[in-house]
Amino acid sequence: MRFSTAVVSLACAFGVVAAFPFNGFVADPATITECGDETDLLKIHNYTLTPNPPQRGQNLTIEAYGNLSEDVVEGAKIHLIVKLGLIKLLTKELDFCTESATIHKNCPLVAGEQSLYHSVELPKEIPPGKYLVNIKVINPDDKQVTCLIARAQFGVKKKKKGPRKDKNGR
């Protein structure tokens, strides 16, 4: 459910900056951590990102399992913040039901065991840097469904060192 929101949000973050022409990236492992507390309605049991580290221009698949203690209902909101390093790229409020429909999840999302399997294509033009996506899902009664922080880092490909040449090019 919002595991998919994390994936969609990561893809959105990469998409926002995809217009910049950078080439030759390698990625470090990505993580998703909970930033809420014991009162959050969703408890994540397990998640897997494939591939990890994510690769530009390839699909990123997330598989996640958790338990939802109360329904997520019409009117629930997703609060999204995307940062590249210290720079805030995006702050947005999204409708949970609209976003859940894009990943084929019903709204309301009924309490109980939850699973998600979803893939998104990452842009080829992801600029290097450390990305942080903060996602909070809040029900209309102000109960926090979840708080997630997704992190991914894309760096510049290291150049192979060849033999050193002297001043004359030898």
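Read the figures in this text as sums done on the coordinates, not as results from a lab. Because the structure is predicted, anything quoted here is derived from the model rather than measured. FYI the Cβ positions are ideal-geometry reconstructions off the backbone, even for glycines, and counts take in every protein chain you see.
So here's what we get for this one:
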quantity	calculated
Packing-based order for 114-122, 44-52, using average beta carbon neighbours within 10 Å, highest first	114-122, 44-52
Separation of the residue 37 and residue 110 label points, Cα + 7 Å toward Cβ, nm	3.2
Computed magnitude of the charge dipole of region 52-133 (debye, nearest 20; Cβ of K, R +1, Cβ of D, E -1)	560
